[in-house]
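The values are calculated or read from the model by the stated rules, or taken from the named source; none is laboratory data. What you see is a predicted model, and the numbers here were worked out from it, not measured in a lab. Methodologically, a virtual Cβ is constructed for each residue, glycine included, from the backbone with ideal geometry; neighbour enumeration extends over all protein chains shown. The accessibility values were calculated without ligands, DNA or RNA, using every heavy atom of the protein model including side chains. Shrake-Rupley method; radii C 1.70, N 1.55, O 1.52, S 1.80 Å.
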Amino acid sequence: MTSRATRGLAAMIFAVCLALLFLGEGSVAAARSAQGLAGTPSAQMCSFRARTGAPCLGCGGTEAFGHAARGRFVRALVANPLGAWSGATAWALLVASGLTLAGGGTRILRLAFLSAAATLPAAFVVNAFAWWASLPPGSMPGR
């Protein structure tokens, strides 16, 4: 039997993940709107890219999350590995919290959280390597 507090937590996780995944590709527009960016491409450029001409570690992250939210994981990985990891983790937490709410106990939800925590460092490393590999020669200042 799952406690009331655990079911409440699972319900909150389920609702947040569902909302994020439902927004999916709309999260790009929502993020830009929250940042106060206009619709012109130059206004949507991050400060790192504006200075160096190269993408930053986060460039493509929101797009990647949007692809992952729609199940397009290969496209998500190409856009940004960390954004793809975020989308896959949101799906895993959605399923795990849904199973907890359906009476499946907390084991699967705890496993989903532990898996997310265990794979997060690897997601950062893969993202950093993909970013580094994508840089054009001579794109970094001072080199």
Legend entry - Index of the failed condition, Val74 passing every other in (1) among the aliphatic types (A, V, I, L, M); (2) open to solvent by 50 Å² or more (accessible area, probe 1.4 Å); (3) closer than 30 Å to Arg4 by Cα: (3)
Inset, instruction - Test Thr89 against the criterion of being out of contact with any helix residue (DSSP H, G or I) (no Cβ under 9 Å at 6 or more places or on another chain) and open to solvent by 20 Å² or more (accessible area, probe 1.4 Å), and give yes or no. - result: no
Legend entry - Residue satisfying condition, being open to solvent by less than 80 Å² (accessible area, probe 1.4 Å), under 18 Å from Ile13 (Cβ atoms) and either part of a helix (DSSP H, G or I) or in contact (Cβ under 8 Å) with a residue 60 or more places away in the chain (or both), within set Gly103, Gly66: Gly103
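Just to be sure, is Ser42 more than 16 Å from Asn127 (Cβ to Cβ) and either modelled with pLDDT under 75 or in contact with a Gly (Cβ under 8 Å, 6 or more places away or on another chain) (or both)?
yes
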Legend entry - Total residues in segment 17-38, condition modelled with pLDDT under 85 and either open to solvent by less than 70 Å² (accessible area, probe 1.4 Å) or in contact with a strand residue (DSSP E or B) (Cβ under 6 Å, 6 or more places away or on another chain) (or both): 10
Inset, instruction - Answer yes or no: is there a residue in segment 8-16 that is under 27 Å from Pro55 (Cβ atoms), at pLDDT 90 or above, out of contact with any strand residue (DSSP E or B) (no Cβ under 8 Å at 6 or more places or on another chain) and surrounded by 15 or more Cβ atoms within 10 Å (Cβ to Cβ). - result: no
